[in-house]
Amino acid sequence: MKKISILILFTVFISSTFPENKDFFFSSDRTSISLAKGNELTNLIGNANISSEETNISADSIELFGDDFRFARCTGNVLVVDKKQGILITTENLFFDRNKEIMTISGYAEMIDQKNEIVIKGSYFENRGKDNITIIQIGVRILKASENDSMICRSEYAKFYRDSEILELSGMPIVFWKDDEYKATRITINLETDDITLTGEVSGTIRSTETEEELNE
């Protein structure tokens, strides 16, 4: 009877706290809840899950806290599915600010952007949902595959503007594209047109497409 009372109380609290367009739902194997005013805290342990109309986050454990439970700290086998942006993220630790729609990851992570058909790997991510910008740092690896070829990018810092499909690379950036290799202080790529802009100290290697038979003619 006590468990039922706690669940009803929490459901009423959530419904009255969040506006209709910010409702979210949660589930887990075990749950501990503190509703002390100013110190609200919910721990979801084992198969933890929080979801809204646009985003679903699952992890081994999730801690919800802050005003109106705006913050989520996710740990272990974290999977994010952002249906609005067409993004999947896998990592071990993630911090999410629901109000600002900012996800921060300190540690290795992989992001699949289905809309822009790219895979991004790195050791620090900051995904700004409202601005449609993703910042990636430390050992950045980006793969864009197409029917005819693939583009591979490496750098220590990257900023991805998803709306305009512009990728900016800095920190010893290098791009491999159609057997050619490009290096510069800064590299900007239009992922829609595959245009590559090199800035600063520039170097590259262009592979010849001529066959040995053509060279002997």
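Read the figures in this text as sums done on the coordinates, not as results from a lab. Computed from a predicted structure; not experimentally measured. Please note: Cβ atoms are built from the backbone with ideal geometry, for glycine as well, and neighbour counts cover all protein chains shown.
Legend: residue pairs Lys37/Lys84; Lys37/Lys83; Lys84/Lys144, Cα-Cα distance threshold 25 Å; pairs beyond threshold, Lys37/Lys84; Lys37/Lys83.
Label zone (Asp23, point 7 Å along Cα-to-C-beta; backbone nitrogen cut-off 12 Å) within the range 119-146: none. Here the extension length gained between Met172 and Lys37 equals 43.7 nm, from 0.36 nm per residue of separation less the Cα-Cα distance. Averaged over residues, the count of other Cβ atoms within 10 Å places the peptides 184-196, 71-83 in the sequence 71-83, 184-196, highest first.
Just want the ordering: Ser52, Ser203, from fewest to most Cβ atoms lying within 10 Å of their own Cβ.
Exposure proxy ranking, most exposed first: Ser203, Ser52.
Taking 28 Å as the limit for the C-alpha separation, the pairs Lys100/Lys159; Lys130/Lys183; Lys121/Lys178; Lys130/Lys178; Lys100/Lys121; Lys100/Lys178 exceed it in the case of Lys130/Lys183; Lys130/Lys178; Lys100/Lys178. Distance distribution note for the range 76-217: the fraction of Cα pairs above 25 angstrom is 31%. If R0 is taken as 22 Å, the Cβ-Cβ distance between Leu143 and Asn77 corresponds to a FRET efficiency of 0.45.
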